[in-house]
Amino acid sequence: MAATGTNVHVGQIRSIVGDANAREATENDAIDGVAPHFVAEPESVEDLSRLMSFASGEGLAIAPRGAGTKLSIGNPPSELDLVVGTANLGGIIEYVPGDQVVRVEAGISLEDLQERLESEDQMLGLDPPEKRAGATVGGIVATNSSGPRRLRYGTVRDLIIGITVVLPDGTVAKAGSKVVKNVAGYDLSKLFTGSVGSAGVIAQANFRLHPLPEAARTLAVEPGGTREAGEAAQAVMHSQAEPSAMELHWSADGGTLTVLLEGIEAGVSAQSETVTELLSSFGEVRTLTSEEADALGPQEPPQVGGDEVVLKVSAYPAALSEVLDLVLGAAQRGGLWPRITGHAGSGVLFAGLSGGAEEALVGAVEEVRGAVLRGYPGGSVVVHEAPLAVKQRVEAWGPAGDKGPLIRRVKERFDPGGTMNPGRFIGGL
Amino acid sequence: MEREKLIETMESILGPQGVVSEREQLRTYECDGLMNYRVIPELVVLPENAEQVQRIVAVLYDEGVPFVARGSGTGLSGGALPVASGVLIVLARMRKILEVDIPNQRVVVEPGVINLWVSQEVADEGYYYAPDPASQVVSSIGGNLAENSGGVHCLKYGFTTNHVLGAEVVLADGSVVHLGGGKAPDSPGYDLLGSFVGSEGTLGIATRITLRLCRKPESVRTLLAAFEDTEGAGGAVSGIIGSGIVPAAIEMMDSLCIQAVETAVAPGFPDAGAVLIVELDGPEAEVEQQFRQTIEICEANDASEVRVAEDDEERALFWKGRKAAFAAMGRISNDYYVQDGVVPRTELPAVLKKISDLGAQYGMRVANVFHAGDGNLHPLVLYDNAVEGEAEKAEDLAGDIVFVCLEHGGSLTGEHGIGEDKKKYMPKMFTSEDMDTMQLLRCAFDPHGLSNPGKLFPTPRLCGERPGPYQMHPVQKAGLAENF
Ligand SMILES: Cc1cc2nc3c(=O)[nH]c(=O)nc-3n(C[C@H](O)[C@H](O)[C@H](O)COP(=O)(O)OP(=O)(O)OC[C@H]3O[C@@H](n4cnc5c(N)ncnc54)[C@H](O)[C@@H]3O)c2cc1C
């Protein structure tokens, strides 16, 4: 085990990042029940770099933290000494609207960033549900979070164009650039997307932006069953409409498919007609009011808490109805209550399972994971949220496949001391 | 391994028809699309399937022989330049489209498949493959992946990296890994696929690639607008983008380029200081309204003429003119050097002015054709190789141009890659810490530096591989991680 931090005083950390920016940790800083000793929130990349090299020199186990909205991602940490927060790195570094590019510090909240961009009729095409809880841009990149509009704008990997990271030894390195089109050097911004703090701290990121759509409309239909839901989604996918999002909300008694159309008014109304016609063979098609669209449409916040296990199920887009059946079947066999939402056009479903004993929850996770891995090579089932007792019994990420040894070698190169978020990453790295 | 023995081993894997060892035949492969660099490889091998690639690489690893992958050899930065003591692995015989999956909007191909074939294969189903480099009739998907190639329609639809969803890769040690989820999204762990795309053959060889297909748009409208100078055309570009329109493509050509293209393929472009080709696509009602708006913006920026393509034939003619731009230079100059630099869009006017000043200073002609929407410039420096010293002068001028791009916050390359050609410039864009950190990735994929060695970075980083027993990572030692 690395040093537990007992030889390090908070004073040493304060002398690096400033008195106001470091403190002893409290219980609230614990991650999955593992409490750190210190919390430091450096104000500059230079301080962050000095902090990192000090901490790794002392062998402290480090967990980077944004707003802390998604700290439950991954396996419980095997050790934890120091939380490195980005709260004091929350600025916009450069924003030239005419270039449709923005450079930000990692600690800025997505909401604050979007507000600034909206004033120029622009946006970053990312809308993960954690946004409402104040998620930071750095945290969103590190966890590869995405939302409904990924159907049109893609995910973090499609929008990030440059990155600055601080490695455990304090090295400050950048990759990419602030131009949308660039192929010079390796694309480390992609490497750090989804890296869950296992390779270094993301200090800054650059993104390409999109114009804010003028008009929006959400259509909804309640397909009779899972087969119809799959067919309806396919009908929209293969049409020439260009929806921004297509979301599914499903429970044991059926559910709703919503389609978000955005753009200029003329385009939105013409596309609404096309999509309404396509969907009308699956049920009555409604246009949602904006309040309904917030609740039902592509903006639903996660209802985390209690004993719910939330799985992110990634499978083939055209297999929507089979994957739904598979999750519903596992829930039924375990006597669990299913609550499913998901990106119907992208092959991603979030399955919430609750109302059962630990044993039943663990069994359902294993059943769903087994079936997805067998049926959809390349697919995955990631445990997003779960009571600690469940998390301790199931691997959060599932198997890494034949690239496991390569992932381990990458981890070893970037974090040779093994101090970055130990234990939490795929394969227990 | 001795040469004879190596040939014998390769022939045992590939048969005699899969191995090229005669010096004269080897010459065919001495360079890629950038002909100023030439190296004759020790051996050329032509595998027909992934398993052969894997076996070849495993042998080379055991013998410590470096290798270079080659697709169609159209690269413009010397990426597929052979190494003298190494083996060139040509993937041109791996040309099968393995699977077309319309319900999932995916296609799985071998690396040698030509870019355009993919779109042709799925056209009847109403689909196409979006990244469309001007070389799409010859360049391979494997080469596109390795260079993260762009195309004129990448402004709206993204680059190769946004359309490659999975790859089977043979690593330098002969092991096979599957990167990315393929048909399933969001494979957990590092985005190694995203890191592999654009790595210019230095991280291994892609043997099987899953691509995203796009639905053909309901409507496509294309116009050609003529302006007095590039500044006027640039104003129109800013106006269009600023109005919230995301065109499928906006391309600009200056007068010298128009002249060359007219001489070469006679698309009937107007005699102007600059032309723009603007294409909008998507749902019809949206395209119609925004197309009208685009015409108004061009007119408001004093376009002397706006020509709307009335049918597919006329649209094809506009694009023929644009896509012929590089080759057309041959009509107005004996030789030319293609530069590839990027600047933030708002810096375009200032940068174009500096390029023209530099041309005057060097006393050389520079033609400009570029992807105006994303600030990707292709200045073509014209020269005559027969004149002593001109080639060097052209290269210096092209170098100065790319430095101007960097001064204005841009990049060394938008799509042609660093390869052999631009590695010397890398320190102008990246610090040694940046490059050392990038090379950590190289060390993880290929610690002995066997895959396309010597490219991309000015100095290779030593990976500090200790031969001998496997070293346990601290995390594993503590019993905290499973041993993969
Ligand atoms: C006339 C002309 C127009 C062009 N227009 C464009 C354009 O519009 N946009 C653009 O981006 N480029 C353009 N290019 C450049 C070039 O066509 C692209 O870079 C193309 O992707 C190269 O493909 P290729 O098959 O020829 O690759 P090659 O030149 O054979 O190889 C390129 C690189 O890829 C590596 N490689 C090849 N196959 C594999 C594999 N299977 N696995 C791993 N590495 C591999 C090689 O080692 C090398 O480093 C143009 C070139 C020409 C000559």
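Report whether or not residue B:370 is within 12 Å of chain A (Cβ to nearest Cβ) and either closer than 23 Å to residue B:241 by Cβ or not β-branched (Val, Ile, Thr) (or both). Against the criterion (within 12 Å of chain A (Cβ to nearest Cβ) and either closer than 23 Å to residue B:241 by Cβ or not β-branched (Val, Ile, Thr) (or both)), residue B:370 qualifies.
One line per residue, one yes/no per condition, for (1) open to solvent by less than 10 Å² (accessible area, probe 1.4 Å); (2) more than 20 Å from the chain's Cα centre (by Cα); (3) near the ligand (Cβ under 10 Å from one of its atoms):
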{"site": "B:105", "(1), (2), (3)": "no, yes, no"}
{"site": "B:116", "(1), (2), (3)": "no, no, no"}
{"site": "B:138", "(1), (2), (3)": "no, no, yes"}
{"site": "B:144", "(1), (2), (3)": "yes, no, yes"}
{"site": "B:178", "(1), (2), (3)": "no, yes, no"}
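Taking helices (runs of 4 or more DSSP H) as the structural unit, those lying wholly within segment A:358-429 and holding at least 3 residues that are open to solvent by less than 20 Å² (accessible area, probe 1.4 Å) and touching a helix residue (DSSP H, G or I) at 6+ places or on another chain (Cβ under 7 Å) correspond to A:358-375, A:404-414. For segment B:234-244, which residues satisfy the criterion of being under 26 Å from the mean Cα position of the chain (by Cα) and open to solvent by less than 30 Å² (accessible area, probe 1.4 Å)? Selection gives B:234, B:237, B:241.
The condition (being among the acidic types (Asp, Glu), within 14 Å of the ligand (Cβ to nearest atom) and touching a Leu at 6+ places or on another chain (Cβ under 8 Å)) is satisfied by just one residue among B:42, B:48: B:48. Being at pLDDT 95 or above, within 16 Å of the ligand (Cβ to nearest atom) and either more than 30 Å from residue A:165 (Cα to Cα) or not small (Gly, Ala, Ser) (or both) is a description that does not apply to residue B:403.
One residue stands out among those in segment B:409-428 that are within 13 Å of the ligand (Cβ to nearest atom) and basic (Lys, Arg): the one that is farthest from residue B:341 (Cα to Cα), which is B:423. Residues in segment A:168-182 that are aliphatic (A, V, I, L, M) and open to solvent by 10 Å² or more (accessible area, probe 1.4 Å): A:172, A:180. When only residues in segment A:72-120 that are within 30 Å of residue A:397 (Cα to Cα) and β-branched (Val, Ile, Thr) count, which is nearest to the other protein chains (Cβ to nearest Cβ)? Residue satisfying both the conditions and the ranking: A:73.
Restricting B:149, B:187, B:199, B:195 to those that are among the hydroxyl-bearing types (Ser, Thr, Tyr), within 12 Å of chain A (Cβ to nearest Cβ) and assigned to a helix (DSSP H, G or I) reduces the list to B:195. Scanning segment A:188-230 for residues that are within 11 Å of another protein chain (Cβ to nearest Cβ) and of a type in the set (Phe, Trp, Tyr) yields a count of 1. State yes or no: is residue B:437 open to solvent by 20 Å² or more (accessible area, probe 1.4 Å), without any contact (Cβ under 8 Å) to a residue 24 or more places away in the chain and touching a strand residue (DSSP E or B) at 6+ places or on another chain (Cβ under 9 Å)? So residue B:437 does not fit the description; no.
Of all the numbered requirements in (1) away from the ligand (no atom under 12 Å from the Cβ); (2) of a type in the set (Asp, Glu); (3) more than 13 Å from chain A (Cβ to nearest Cβ), residue B:125 misses one, and that requirement is (3). Would you call residue B:456 within 13 Å of another protein chain (Cβ to nearest Cβ), of a type in the set (A, V, I, L, M), out of contact with any helix residue (DSSP H, G or I) (no Cβ under 8 Å at 6 or more places or on another chain) and closer than 30 Å to residue B:170 by Cβ? Considered against the rule, which asks whether it is within 13 Å of another protein chain (Cβ to nearest Cβ), of a type in the set (A, V, I, L, M), out of contact with any helix residue (DSSP H, G or I) (no Cβ under 8 Å at 6 or more places or on another chain) and closer than 30 Å to residue B:170 by Cβ, residue B:456 comes out as no. Scanning segment A:342-357 for residues that are open to solvent by less than 40 Å² (accessible area, probe 1.4 Å) and either outside any strand (DSSP E or B) or touching a helix residue (DSSP H, G or I) at 6+ places or on another chain (Cβ under 9 Å) (or both) returns A:342, A:343, A:344, A:345, A:346, A:347, A:348, A:349, A:351, A:353, A:354, A:356. Close contacts from segment B:183-205, counting a first residue that is farther than 24 Å from residue B:81 by Cα and a second that is assigned to a loop (DSSP other than H, G, I, E, B) and within 16 Å of the ligand (Cβ to nearest atom), with Cβ to Cβ under 6 Å and a gap of 6+ residues or different chains, come to B:187/B:180. Of all residues in segment B:154-168, those that are touching a residue at least 60 places away in the same chain (Cβ under 8 Å), open to solvent by 10 Å² or more (accessible area, probe 1.4 Å) and within 15 Å of the ligand (Cβ to nearest atom) total 4. So which residues in segment B:70-100 are open to solvent by 20 Å² or more (accessible area, probe 1.4 Å) and more than 8 Å from the ligand (Cβ to nearest atom)? Scanning segment B:70-100 gives B:83, B:84, B:85, B:92, B:93, B:95, B:96, B:97, B:98, B:99, B:100. Run residue B:370 past the list (1) within 16 Å of the ligand (Cβ to nearest atom); (2) touching a Cys at 6+ places or on another chain (Cβ under 9 Å); (3) open to solvent by less than 10 Å² (accessible area, probe 1.4 Å) and report the number of the one that doesn't hold. Condition (2) is where residue B:370 drops out. Residue count for segment B:439-459 satisfying the condition of being farther than 22 Å from residue B:36 by Cβ and within 16 Å of the ligand (Cβ to nearest atom): 7.
Results for (1) aliphatic (A, V, I, L, M); (2) surrounded by 24 or more Cβ atoms within 10 Å (Cβ to Cβ); (3) within 9 Å of the ligand (Cβ to nearest atom), shown as yes or no for each residue.
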position	(1), (2), (3)
B:134	yes, no, yes
B:141	yes, yes, yes
B:152	yes, no, yes
B:170	yes, yes, yes
B:174	no, no, no
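Those strands (runs of 3 or more DSSP E) of segment B:225-336 in which at least 2 residues are within 16 Å of the ligand (Cβ to nearest atom) and touching a Lys or Arg at 6+ places or on another chain (Cβ under 9 Å), considering only elements entirely within it, cover B:249-254, B:274-282.
Strands (runs of 3 or more DSSP E) fully within segment A:45-105 that include at least 3 residues being without any contact (Cβ under 8 Å) to a residue 60 or more places away in the chain and open to solvent by 10 Å² or more (accessible area, probe 1.4 Å): A:92-96. The set of residues in segment B:344-354 that are away from chain A (no Cβ under 12 Å) and modelled with pLDDT of 95 or more contains only B:354. With respect to residue A:291, determine if the residue is open to solvent by 30 Å² or more (accessible area, probe 1.4 Å), assigned to a helix (DSSP H, G or I), at pLDDT below 95 and under 30 Å from residue A:111 (Cα atoms). For residue A:291, the condition - open to solvent by 30 Å² or more (accessible area, probe 1.4 Å), assigned to a helix (DSSP H, G or I), at pLDDT below 95 and under 30 Å from residue A:111 (Cα atoms) - is met. When segment B:214-233 is limited to residues that are more than 11 Å from chain A (Cβ to nearest Cβ) and not hydrophobic (A, V, I, L, M, F, W, C), the one that is least open to solvent (accessible area, probe 1.4 Å) turns out to be B:222.
Each residue in segment B:193-208 was checked for being within 9 Å of the ligand (Cβ to nearest atom) and in contact with an Asp or Glu (Cβ under 6 Å, 6 or more places away or on another chain), and 1 pass.
The values are calculated or read from the model by the stated rules, or taken from the named source; none is laboratory data. Just so it is clear, the structure is predicted and the values come from calculations on it, not from any experiment. Positions of Cβ are generated from backbone atoms using ideal geometry, with glycine treated the same way; all protein chains shown enter the neighbour counts. Ligands, DNA and RNA are stripped out before the accessible areas are found, and what is left, the full protein with its side chains, is counted by its heavy atoms. Shrake-Rupley method; radii C 1.70, N 1.55, O 1.52, S 1.80 Å.
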